[in-house]
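Report on one structure; see the data block that follows.
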Amino acid sequence: MNNVNKRILLISDAYFGDFSGAYVAQIAKKLLIEIGCTVAVYSDEVTENQKEEDGTPIYFRYKCPFFANWIQKKYKKNYQAVLDDFRPDVVYTLGSVTNKNIIFWSIARKRGIKVISKIFMQDFFCYNYYANDENGLCTKCLDNGFKYALCKHCVRDTNRGISGFLKKLNATVNRYRLQKELIKADAVITSSQQQVGFYERYGIPRDHCYTIPLYFNGDKLNKYVPTMGDYFVFVAQNRIDKGIHLLKDVLSHCNPDVKVVAAYASQKSIDYALQHYGLQPYVNNGILEMRNECTWKTNLGDVIAASRGVINLSIWPSTTEFVLLEVLGLKKPILTFNVGIHPELIKSGINGFVADTPEIMGIQINELNQNDSLYQKVSLGAEQLYRKMTDWDGWKPVSYTHLRAHETGRNL
């Protein structure tokens, strides 16, 4: 592979710590360096410019609050100083776009610097970031214009009255302003074909859209030894996009011998779920166990590794959730709904299960619960899919391509 020899300014949601966004950014930096790039990180997690042990510059940037895209003087001064000092060929944004200053795109474009954006969710058109309502996919703001949400009550925000309206108005205007810049980006990346479709409807040219698997570091999985268990796991969060409101509907179609562990991080979350999502009857009849203090820092890895499979009730158009990669990496059958990237990757009975309805998912759980050979087959398929999605050497050619694609004004 030819040396890319690019200078990349990386602007991510997070870079330090053990959050998923930070993991992705750290892997992106390492990957870019391996294919011949020089990388600097522009971070709002530091208070001054510094360097990592490997020599990577870390530049200070201001956080992007409510007014940042209107009162821009200090943000422009800070950003322009970084561009002058590092002299990047490419500005590479990772993660959300509405939590970053619009000038990151506009000033780079005016200076002739290429801009690449890898977006994990749908915040570029959706106020709720995940493009869903209680029934699943929602693209009304993409179809009808961002002003649609101004007079609707789809925004899950605690702010009401004048304050809430002003926040929505600010978000509306800034989305229109961002759209004018994002559609001019040199490359926009995702891990799902469905997201590419959203990009096209948004106005981004198809030949500027690329797909590459989500960068993922599975080192934390290496200490677990998966075994075929006798229970299923739901990694529980009390969020509509994660499908908590559908758990009772799935359980209503499960046989009495099925056991499901809802792995929660806190007792407070368990109490809330029992009060609001109709789960108490299933706890009473023994199908559902609400387990407390289950996180990757405690015992969640052990709970998943010893399970029969993992129930993922997400109903947003996922571009790839970490839970999917974690489950596949532990060789577990995953049960998902027919949304987002899931039907693009998962073949029912081969490397996981995809369902159109809670009833179908319940039937799939019943079958997997009773069939050891099916478990073994899908477990093997899950491992093979994981290896394909996390192939480090497989990431490099795609990364190389989207960095070079527009040097000649065409897609390579």
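Structure above, values below:
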| quantity | calculated |
| --- | --- |
| Protein-only accessible surface order, largest first, of Glu48, Glu383, Glu289 at 1.4 Å | Glu48, Glu289, Glu383 |
| Relative frequency of Cα-Cα separations exceeding 31 Å in the chain, percent | 43 percent |
| Extension gain (nm, one decimal) between Asn170 and Asn285, 0.36 nm per residue minus Cα-Cα | 36.5 nm |
| Percent carbon-and-sulfur accessible area, segment 304-412, ignoring ligands, DNA and RNA, probe 1.4 Å | 50 percent |
| Karplus (6.51, -1.76, 1.60) ³J(HN,Hα), θ = phi - 60°, over segment 337-350, in Hz, Gly and Pro reported as x | 8, 7, 9, x, 6, 4, x, 6, 10, 9, 10, 4, x, 10 |
| Net charge of Cβ neighbours under 13 Å - reference Asn217; Lys, Arg +1; Asp, Glu -1 | 0 |
| Inter-probe distance in nm under a simple model that places probes 7 Å from Cα toward Cβ, at Leu380 and Arg109 | 5.1 nm |
| With every protein chain in place, segment 1-136: carbon and sulfur % of accessible area (1.4 Å) | 48 percent |
| Residues of segment 1-44 with amide N under 12 Å of the 7 Å Cα→Cβ point at Lys297 | 18-19 |
| Cα radius of gyration and Dmax for segment 36-136 (Å) | 15.1, 49 |
| Highest-MSF residue in the chain out of Phe216, Phe67, Phe234 [GNM, Cα springs under 10 Å] | Phe67 |
| Length added when fully stretched, Lys184-Glu45, from 0.36 nm per residue minus Cα-Cα | 47.2 nm |
| Max mean-square fluctuation residue, GNM over the chain, Cα-Cα springs under 10 Å, options Asp271, Asp133, Asp391 | Asp271 |
| Virtual paramagnetic centre 7 Å along Cα→Cβ of Asp257, amide N under 15 Å, in segment 320-339 | none |
| Net length gained if the chain between Thr227 and Lys140 were fully extended (0.36 nm per residue, minus Cα distance) | 26.9 nm |
| Surface accessible to a 1.4 Å probe, per residue, for the residues of segment 250-310, Å² | 47 Å² |
| Asp133 versus Ile71: modelled label distance in nm, points set 7 Å from Cα along the beta carbon direction | 3.7 nm |
| Subset of Lys147/Lys242; Lys51/Lys220; Lys140/Lys167; Lys114/Lys147; Lys220/Lys347 violating a 21 Å alpha-carbon distance limit | Lys147/Lys242; Lys51/Lys220; Lys114/Lys147; Lys220/Lys347 |
| Probe 1.4 Å, accessible area per residue of segment 36-182, Å² | 50 Å² |
| Whole-Å semi-axes of the ellipsoid equivalent to segment 135-229 (Cα gyration tensor, √5λ, descending) | 33, 23, 13 |
| Accessible carbon and sulfur surface of segment 164-264 relative to its total accessible area, %, 1.4 Å | 54 percent |
| Net charge over other residues, Cβ less than 12 angstrom from the Cβ of Lys332 (K, R count +1; D, E count -1) | 0 |
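The values are calculated or read from the model by the stated rules, or taken from the named source; none is laboratory data. As the structure is a prediction and not an experimental result, all values here were calculated from the model. Note that we place each Cβ from the backbone using ideal geometry, even for glycine, and neighbour counts take in every protein chain shown. These area figures cover heavy atoms from the full protein model, side chains too; ligands, DNA and RNA do not enter into them. Shrake-Rupley method; radii C 1.70, N 1.55, O 1.52, S 1.80 Å.
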